[in-house]
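Data first, discussion second: the structure below is written as structure tokens.
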């Protein structure tokens, strides 16, 4: 099964997407009806829906979509981990089989110069399964920054409880930047994390600011295949199923990548 392990749906009228401002090209409703056609074009079977607003209402909104959409395997939602009731809230959310994980909304924190913070977190909590979004957003095209990113990511990859997403990289290209920079970054991630600790995601609809869904799928797949053809099924779906452990019960989601 091919699984997109990182995509979003949103409706700006809900009012809790503080980062999504009017005038932004993606300031509009994005729904399953928008995503399904491009998934079909790329040959992607299912997705995991990731939160884009730091509110419990966002998580409820996503869970409602997942309940109505067979190919959305589950939700990575938001919990206020600083709240006094954080432990009980995590337990409550975890009782829902569609709730697959927590995103503490470090979108504005974990960039390439802050990788060491997550490395220390992983070291202190070896039983905590961490999935790092977007390869920590490397500064593609900046040779010195990329060397520092690779060094820091090497230390992070030494933590066996950390997995990295091959996602969000196209939007890190500077205008006119060579797409080979993206493929090279994926190659570095593969060398560091290996076939078993990488998961592919689209970051759609943010992806639409930089490219198309089928184009990104093909670029990522080709970059993984260039490192190890046999790793493609794991990175493009198998690892997401193993790590997130969604409850799949519908025959409509038969494997299509082997």
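Here are the numbers:
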item	result
Residue in the stretch 17-39 that is surrounded by the most Cβ atoms within 10 Å (Cβ to Cβ), counting only those that are in a helix (DSSP H, G or I) and free of Cβ contacts under 8 Å to residues at least 60 places away in the same chain	32
Single residue of 100, 132, 173 found to be touching a helix residue (DSSP H, G or I) at 6+ places or on another chain (Cβ under 7 Å) and in contact (Cβ under 8 Å) with a residue 40 or more places away in the chain	100
Total residues in the stretch 1-27, condition touching a helix residue (DSSP H, G or I) at 6+ places or on another chain (Cβ under 7 Å) and over 27 Å from residue 93 (Cα atoms)	3
Count - residues of the stretch 40-50 that are surrounded by fewer than 23 Cβ atoms within 10 Å (Cβ to Cβ) and either in contact with a strand residue (DSSP E or B) (Cβ under 8 Å, 6 or more places away or on another chain) or in a strand (DSSP E or B) (or both)	1
Subset of the stretch 214-257 [in contact with a strand residue (DSSP E or B) (Cβ under 9 Å, 6 or more places away or on another chain), modelled with pLDDT of 95 or more and part of a loop (DSSP other than H, G, I, E, B)]	245, 246
Residues of the stretch 135-178 that turn out to be within 17 Å of residue 210 (Cα to Cα), buried (at least 16 other Cβ atoms within 10 Å of the Cβ) and more than 20 Å from the chain's Cα centre (by Cα), as a count	0
Residues of the stretch 80-96 that turn out to be in a loop (DSSP other than H, G, I, E, B) and farther than 22 Å from residue 241 by Cα, as a count	6
Selection count where residues are touching a residue at least 24 places away in the same chain (Cβ under 8 Å) and closer than 15 Å to residue 154 by Cα, scope the stretch 120-129	2
Among the candidates 93, 14, residue that is in contact (Cβ under 8 Å) with a residue 40 or more places away in the chain and farther than 22 Å from residue 135 by Cα	14
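The values are calculated or read from the model by the stated rules, or taken from the named source; none is laboratory data. Note that this is a predicted model, so its numbers are computed, not measured. Neighbour counts run over all protein chains shown; Cβ positions are idealised from the backbone, glycine included.
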